[in-house]
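Step one of this worksheet: look at the structure below.
Bear in mind that the values in this text are calculations on the coordinates, not laboratory data. No experiment lies behind these values; they were computed from the predicted model shown. Ideal geometry is used to build each Cβ from the backbone, glycine not excepted, and the neighbour counts take in all protein chains shown.
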Amino acid sequence: MPLEKIVVESDRAWALWQIAEDEQSLMSEISPYETISHTITNAQKRLEWLAGRVLTKYAMEALGMKFQGVTKDEYGKPSPTGFGHKLSLSHSFPHVAVLIDQHQAVGIDLEQPKEKLLKIAPRIHHHEELQDAGTNIVKHCIYWCAKETLVKFYGKKDLIFAENLFINPFRCKKEDDITGKITIGGMESVIPLHYITYSNFVVVFTSRSQL
């Protein structure tokens, strides 16, 4: 079964999916509420898009909600059609992640540790973050996912990784809490995050402890 994990906490749920289906099988799960855009021409991207909608449906059903599609606002931030819940999606083939919350803005990001993260790190991280991560690719991946999670939590497009997003140094474990900060326009927001490392990918998401 492609549903790898689903965690439900009252009015919040997050879930992981491993894509093993074809387009037709995934589409049958979300029809007639969603139709994939003809502009998504890459076959892998189409599977990721479809799996993201299917996983959203599963997460919503786990919360007692009926899936009616996904709507995006002017900044591209998704939400479940017909509900006021907050939604965030991420994918790194063949894995897809979803986080949904009734009340709070959310962010989730999924990525595979790859050498490219070491190459782009000087452009997106602060000196302290670079020193803390060193050459540990998994730790670099956590930093990257954490900053992507903050972007999704914020929900707009005017953040610069190296200027507006900060992640406090941390010890690299299997799973742990970390702290992120968004600094923009003279204002600072502290966002608790949680990360989990798997054998071939990392997932980071906003924590409920921000209540």
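Things worth noting here:
- The chain, relative contact order [Cα under 8 Å, separation at least 6], %: 16
- Bridgeable aspartates and glutamates around Lys116 (alpha carbons under 16 Å apart, same-chain partners fewer than 8 residues away excluded): Glu148.
- For the chain, the normalised intensity computed at q = 0.11, 0.14, 0.18 Å⁻¹ comes to -0.51, -0.84, -1.33 (log10 of I(q)/I(0), Debye sum over alpha carbons, equal scatterers, no solvent).
- Around Trp49: net Lys/Arg minus Asp/Glu count, Cβ-Cβ under 15 Å: -1
- For the chain, calculated [θ]222 nm from helices alone, where every DSSP H run of n ≥ 4 adds -39500 (n - 2.57): -9500 deg cm²/dmol
- Evaluated with a Cβ-only charge set (Lys, Arg +1; Asp, Glu -1), region 110-210 carries a dipole of roughly 240 debye about its Cα centre, given to the nearest 20.
- Environment charge of Val8, counting only residues whose C-beta is closer than 14 Å and scoring Lys/Arg +1, Asp/Glu -1: -1
- Distance between the modelled labels on Tyr33 and Glu163, one decimal in nanometres: 3.9 nm (7 Å Cα→Cβ projection).
- Full-extension gain in nm, Ile196 to Phe93, via 0.36 nm per residue minus C-alpha separation: 35.4 nm
- Residue order, fewest to most surrounding Cβ atoms within 10 angstrom, among Tyr198, Tyr75, Tyr154: Tyr75, Tyr198, Tyr154
- Paired Rg and Dmax values of region 3-106, which use every Cα atom, in angstrom: 12.7, 38
- Reachable lysines from Lys114, criterion Cα separation under 22 angstrom, eight or more residues apart if same chain: Lys45, Lys139, Lys147, Lys152, Lys173, Lys174
- Each Lys and Arg adds +1 at its Cβ and each Asp and Glu adds -1 at its Cβ; summed about the Cα centre, the chain shows a dipole of about 200 debye.
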